[in-house]
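Please read the structure below before turning to the comments.
The values are calculated or read from the model by the stated rules, or taken from the named source; none is laboratory data. Computed from a prediction, not measured in an experiment: that's the story for all the values here. Neighbour counts run over all protein chains shown; Cβ positions are idealised from the backbone, glycine included. Areas reflect the complete protein model, heavy atoms only, side chains present, ligands, DNA and RNA absent. Shrake-Rupley method; radii C 1.70, N 1.55, O 1.52, S 1.80 Å.
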Amino acid sequence: MPVPILIKNARCVSSQGIVQQDVLLVDGKISKTGQIDARQADQIIDASHLYLLPGALDPQVHFRDPGLTWKEDLRTGSMAAAAGGVTSFFDMPNTKPSTITIEAMQDRKQNASEKCVVNYNFFIGATSENIDVLNNVKNVAGIKIFMGSSTGDLLVSDPRELEEIFANGSRLIAVHAEDDDIINAAKEIYKNSTDFNDHQFVRPPEAALKATTLAVELSIKYQRRLHILHLTTQDEVRYLEIQKSKAPISAEVCPQHILLSAPFIYEKLGAYAQMNPPIRDMQHGEALWQGLVDGVIDCIATDHAPHTHEEKANPFGKAPAGMPGVETSLPLMLDRANRGMCKLEDVVKWMCEKPVELYKVKNKGHILEGYDADLVLVDMQQQKTIENGKLFTKVNWSPYDGWKTTGWPVTTIVNGHIVFQDGGIDEGVKGQEILIA
Ligand code: DOR
């Protein structure tokens, strides 16, 4: 059991506003808020110059464990999360073997319980043959469907097979929405290209819109809970604005699709800028930000998908797609709040409250009595430069290398234990399986 911790005078942030108060943590829970006598705690943190946020939940990461652990593993990925103020994550099924059976899911959870310094849960991957598993596996974030091929071999692109999954069961379905036929036709056109900027044309906006449209139509037909992962186009935002209310549909965006844009980022970073769905031009990025501000897009995820320098050194067409992000997403959003582009309250809504609400996570996402003591103290004045070689992610690079941002997590608390402080991780802290209602 953790020792009782009293956080004194913190500016506690929720989507509804900011309240300066004390917060007492006992036995891994928030036991009291308000004005609290210091004698009730064994450890006191003076937070009068800091903001206290609920720990962020990153609802889409690839921590590569098992099978691809030279890129990342549950230990390093969760350490990167802790350093970034992310106290909970949902990990994707494109591991080796893929997470598509009840046994594979049990193995991942067992592995996570030994290695993770933050809280965890996983998506079960859909294939054309595992519908029983999708509906019977216990306590998972949801079902992940790759409608277009990406890293790994998970793919369900046949509309009839997709319809069968939507028609049977009630668990949340999260889709990687890109149309595989459009991608394959475009790949043929660009097969001799050596220009990384063509990545955005190999996976064009039409591919994203077509797959999103199909998923939304199926969700409406069966009133099935649908979450659209990493939205990348203006077209999808416009489409969702009209369609979203017809069924229980939500959507997310990644910081990189807002903050990075083509063609500049491909000229600067080459393969390191490649991810699926791709970074597109600025017009799309601006529409995504507006979609988030307007509430058409509900939350932020990172799609943290590390690949090594050696892998990224391959030529266009051979280099894998994906970039790290779990360690930098909250700082990048805090920087945006500091620049007046949004409020701190919005950041908490998009990164803490909404993911918890959408995925029906129990007892997290708010600084309220009885909730889990997953918290992050943030110094909104602290300036730091994101630097390759100084990160916790195993690949140790970031597409934001060299970016100087203001507003950083200084202390991260998981289940009442301080896991990240003064730049270091306490590896003795262990995360827990996240419970889904
Ligand atoms: O760019 C991507 N990389 N997108 C995905 O959907 C998968 C991910 C990965 O696992 O590398």
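Screening residue 118 against (1) under 30 Å from residue 421 (Cα atoms); (2) out of contact with any strand residue (DSSP E or B) (no Cβ under 6 Å at 6 or more places or on another chain); (3) away from the ligand (no atom under 16 Å from the Cβ) leaves a single unmet condition, (2). Looking across segment 133-156 at every residue that is over 21 Å from the mean Cα position of the chain (by Cα) and open to solvent by less than 40 Å² (accessible area, probe 1.4 Å), the one that is nearest to the ligand (Cβ to nearest atom) is identified as 156.
I'm checking my understanding of the structure. Among residues of segment 192-226 that are crowded, with 22+ Cβ neighbours inside 10 Å and β-branched (Val, Ile, Thr), which one is farthest from residue 264 (Cα to Cα)? It comes out as 216.
Is one or more of the residues making up segment 183-191 more than 16 Å from the ligand (Cβ to nearest atom), assigned to a strand (DSSP E or B) and either at pLDDT 95 or above or in contact with a helix residue (DSSP H, G or I) (Cβ under 8 Å, 6 or more places away or on another chain) (or both)? Within segment 183-191, not a single residue is more than 16 Å from the ligand (Cβ to nearest atom), assigned to a strand (DSSP E or B) and either at pLDDT 95 or above or in contact with a helix residue (DSSP H, G or I) (Cβ under 8 Å, 6 or more places away or on another chain) (or both).
For segment 237-287, a residue qualifies if it is among the aliphatic types (A, V, I, L, M) and under 24 Å from residue 195 (Cβ atoms), and the qualifying residues are 258, 259, 260, 262, 265, 269, 271, 273, 275, 279, 282. Taken over segment 248-272, the criterion of being open to solvent by less than 10 Å² (accessible area, probe 1.4 Å) and away from the ligand (no atom under 16 Å from the Cβ) is satisfied by 250 alone. The residues in segment 296-354 that are of a type in the set (Phe, Trp, Tyr) and assigned to a loop (DSSP other than H, G, I, E, B) can be counted, and the count is 1. Within segment 28-71, if we keep just the residues that are away from the ligand (no atom under 14 Å from the Cβ) and on the phi > 0 side of the Ramachandran plot, the residue that is farthest from the chain's Cα centre (by Cα) turns out to be 34. So for segment 157-173 (the condition being within 16 Å of the ligand (Cβ to nearest atom), of a type in the set (Phe, Trp, Tyr) and surrounded by 20 or more Cβ atoms within 10 Å (Cβ to Cβ)), does at least one residue qualify? For segment 157-173, residues within 16 Å of the ligand (Cβ to nearest atom), of a type in the set (Phe, Trp, Tyr) and surrounded by 20 or more Cβ atoms within 10 Å (Cβ to Cβ): absent.
Whether any residue in segment 262-285 is in contact with a Leu (Cβ under 9 Å, 6 or more places away or on another chain) and among the acidic types (Asp, Glu) is what I want to check. No, the conditions are met nowhere in segment 262-285. Considering (1) in a loop (DSSP other than H, G, I, E, B); (2) more than 16 Å from the ligand (Cβ to nearest atom); (3) open to solvent by 10 Å² or more (accessible area, probe 1.4 Å), the lone condition that residue 293 does not fulfil carries the number (1).
Within segment 273-287, if we keep just the residues that are among the aliphatic types (A, V, I, L, M) and in a loop (DSSP other than H, G, I, E, B), the residue that is nearest to the ligand (Cβ to nearest atom) turns out to be 275.
A Cβ distance below 6 Å, combined with a sequence gap of six or more or placement on separate chains, defines the contacts here; from segment 314-331, residues that are more than 13 Å from the ligand (Cβ to nearest atom) reach residues that are open to solvent by 10 Å² or more (accessible area, probe 1.4 Å) and in a strand (DSSP E or B) in the pairs 331/408.
Can you name the residue in segment 123-132 that is part of a loop (DSSP other than H, G, I, E, B) and small (Gly, Ala, Ser) and, of all such residues, is farthest from the ligand (Cβ to nearest atom)? In this case the residue turns out to be 128. Only one of the numbered conditions (1) open to solvent by 10 Å² or more (accessible area, probe 1.4 Å); (2) part of a helix (DSSP H, G or I) is not met by residue 394, and that is (2).
When you look at residue 178, is it of a type outside the set (Gly, Ala, Ser) and either modelled with pLDDT under 95 or not in a loop (DSSP other than H, G, I, E, B) (or both), yes or no? Answer is no for this residue.
For first residues located in segment 133-157 and hydrophobic (A, V, I, L, M, F, W, C) and part of a loop (DSSP other than H, G, I, E, B), partners that are within 11 Å of the ligand (Cβ to nearest atom) and open to solvent by 30 Å² or more (accessible area, probe 1.4 Å) and lie 6+ apart or on another chain with Cβ distances below 6 Å form the pairs 155/149. The set of residues in segment 313-323 being open to solvent by less than 10 Å² (accessible area, probe 1.4 Å) and of a type outside the set (Gly, Ala, Ser) consists of 323 alone.
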